[in-house]
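S.K.: Let me begin by handing over the structure; questions about it come next.
Bear in mind that the values in this text are calculations on the coordinates, not laboratory data. This structure is a prediction, so every number in the text was calculated from the model and none was measured. Because the Cβ atoms are built from the backbone with ideal geometry, glycine has one as well, and the counts that use them run over all protein chains shown.
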Amino acid sequence: MNPEQTNVVELSSVSKRFKLGTTEVDALKEISLGIRKNDFAAITGPSGSGKSTLLNLIGCLDVPTSGEVKISGTRTSDLDEKALDKLRSRAIGFIFQSFNLIPVLKAVENVMLPLQLHGLKAQQMREQAEHALRQVGLEHYIDHLPDQLSGGQRQRVSIARALVTKPNLVLADEPTANLDSSNSEAIIELMRKLNKESGVTFVFSTHDASLLGKVDRIIRIRDGKLQEDTAAAPLKKALG
Ligand SMILES: Nc1ncnc2c1ncn2[C@@H]1O[C@H](COP(=O)(O)OP(=O)(O)OP(=O)(O)O)[C@@H](O)[C@H]1O
Ligand SMILES: [Mg+2]
C-alpha cells in the first residue's frame, strides 16, 4: 500500500461497552473511520454520545470491546502494553479540557515533561520546549508558572506540550470548554495554523457548534453511533 494512503489511525467496526455493576452501556456502536494525515477534524454530538470514548480509542488510551484499531497500519491488539506506550508517546499528543499543567513547574518545564522518555540532554529538551512555546506565541512567557497565565495562555502551553514530541496526531477532548468564546476561537485558529503550517493532524471534540465552521471534517455521533462524517464520501472514493 502506498504509505501516503495509510491512515494515521484506522478504526474498523469498533464498539465499546462499559459495565458498571449490573448495568451495561454501549458507549460506541460499530464505528468505522480513518483519521488521515493532515486532517483537521471535530467530533461533535450531545453530552453522553460517546465523544470522549471515541477520542480515547483513537488515542489508544482505552481498548475497544470489539473491532480493531490500527495506528499507522499497525494493529494495536498485536502490541503489548510497553510497545503501545512507546508508540503512543511518540506518535500522539494530547490536549485536555482542564489543561492538566503541573502548578509548581514553569511553562517551559511543563512543556519539557513529555520529552523525559526520549533520551535527550537537558539543554536539547529545553531548546525543543522553547521552540514549541514560540510556535504557540508564548515566547515571552516561558518562565511563568501556570497560575501566572490566563486560561487561553494555559491552553497554549498545553498545546506546546502536545507538540513538543513532534507527534503525527494531536487529540484534544473539549479543548475550549473552559475558555470564553474569543479565547476558544483563538485556540482553534492556532490549531488550524499549526495544521496548515506544520502538517500536524488534529482531532478535537466540541459541544460548540460555532467552532464547526472552522474545521475541514465533522464527525458527528449520537447514542454511540456515527451519524455523519463529512469526509466519508471522498474517503470511500479514495479507497475504491
Ligand atoms: N468509564 C466509564 N464507565 C462507565 N460508563 C462510562 C464510562 N465512560 C463513559 N461512560 C458512558 O459512556 C457514554 C459515553 O460517554 P462519553 O464520556 O464518551 O460521552 P461524551 O460525548 O464525551 O459526553 P460529554 O459531552 O458530556 O463529555 C455515557 O453514557 C457515559 O455514561
Ligand atoms: Mg466528553
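S.K.: On full extension of the chain, what length is gained from residue 208 through residue 144, given 0.36 nm per residue of separation minus the C-alpha to C-alpha distance?
M.R.: Gain in length upon complete extension: 20.1 nm.
S.K.: With charges only on Cβ, +1 for K and R and -1 for D and E, what is the dipole size of the chain about its Cα centre, in debye, rounded to 20?
M.R.: For this selection, approximately 420 debye.
S.K.: Still on this structure, please answer the following. Given the options 98, 151, 108, identify the residue whose Cα lies farthest towards the positive end of the charge dipole of the chain (+1 on Cβ of Lys, Arg; -1 on Cβ of Asp, Glu).
M.R.: Of the candidates, 108 comes out farthest on the positive side.
S.K.: Here's something else I'd like to know. Got a sec? Charge dipole of the chain, +1 on Cβ for Lys and Arg, -1 for Asp and Glu; which of 7, 227, 135 is way out at the positive end?
M.R.: 7
S.K.: Calculate the length of the line joining the C-alpha centroid of region 115-148 to that of region 163-222, in whole Å.
M.R.: 21
S.K.: Of the beta bridges DSSP finds with both residues in the chain, what % are antiparallel, to the nearest 5?
M.R.: The answer is about 55 percent antiparallel.
S.K.: Given axes a ≥ b ≥ c from the Cα gyration tensor, I'd like to know whether the chain is rounded (a/c under 1.5), prolate (a/b larger than b/c) or oblate.
M.R.: Since a/c reaches 1.5 and a/b is larger than b/c, the shape of the chain is classed as prolate.
S.K.: What spacing in nm lies between the two simple spin-label points modelled at residue 83 and residue 166, each 7 Å away from Cα in the Cβ direction?
M.R.: Taking the simple label geometry, residue 83 and residue 166 are separated by 2.5 nm.
S.K.: Find the lysine pairs in region 137-240 meeting two conditions, Cα atoms under 27 Å apart and a separation of 8 or more places or different chains, and report how many there are.
M.R.: Count of close lysine pairs: 12.
S.K.: Taking the Cα centre of the chain as the origin and placing charges on Cβ (Lys, Arg +1; Asp, Glu -1), which of 57, 69, 18 is farthest toward the positive end of the dipole?
M.R.: With unit charges placed on the Cβ atoms, the residue in question is 69.
S.K.: Let me ask something else about it. Give, rounded to the nearest 20 debye, the magnitude of the charge dipole that region 121-240 has about its Cα centre when Lys and Arg contribute +1 at Cβ and Asp and Glu contribute -1 at Cβ.
M.R.: That gives a dipole near 520 debye.
S.K.: I want the local charge near residue 30. Using Cβ-Cβ distances under 14 Å, sum +1 for each Lys or Arg and -1 for each Asp or Glu among the other residues.
M.R.: Residues close to residue 30 contribute a combined charge of +1.
S.K.: Once the other residues with Cβ under 11 Å from the Cβ of residue 77 are scored (Lys, Arg +1; Asp, Glu -1), what is the net sum?
M.R.: Net charge in that neighbourhood comes out at -1.
S.K.: By how many nm would the segment from residue 61 to residue 180 grow when fully extended, if each residue of separation counts as 0.36 nm and the alpha-carbon distance is taken off?
M.R.: Once the chain is fully extended between residue 61 and residue 180, it gains 40.0 nm.
S.K.: Taking springs between alpha-carbon atoms closer than 10 angstrom, which of 18, 96, 202 fluctuates most in the Gaussian network model of the chain?
M.R.: Of 18, 96, 202, the most mobile in the Gaussian network model is 18.
S.K.: Could you give the length gained by full extension between residue 216 and residue 189, i.e. 0.36 nm per residue of separation minus their alpha carbon distance, to one decimal place?
M.R.: The span from residue 216 to residue 189 would gain 8.5 nm if fully extended.
S.K.: When the chain is treated as a GNM, springs tying every alpha-carbon pair under 10 Å, which of 170, 203, 63 comes out with the largest mean-square fluctuation?
M.R.: Of 170, 203, 63, the most mobile in the Gaussian network model is 63.
S.K.: If I build a Gaussian network model for the chain, linking alpha-carbon pairs within less than 10 angstrom, which residue out of 93, 151, 73 has the largest mean-square fluctuation?
M.R.: Sorting by GNM fluctuation, first place goes to 73.
S.K.: Between residue 131 and residue 24, what is the FRET efficiency for a Förster distance of 35 Å, r being their Cβ-Cβ separation, to the nearest 0.05?
M.R.: Efficiency for this residue pair is about 0.15.
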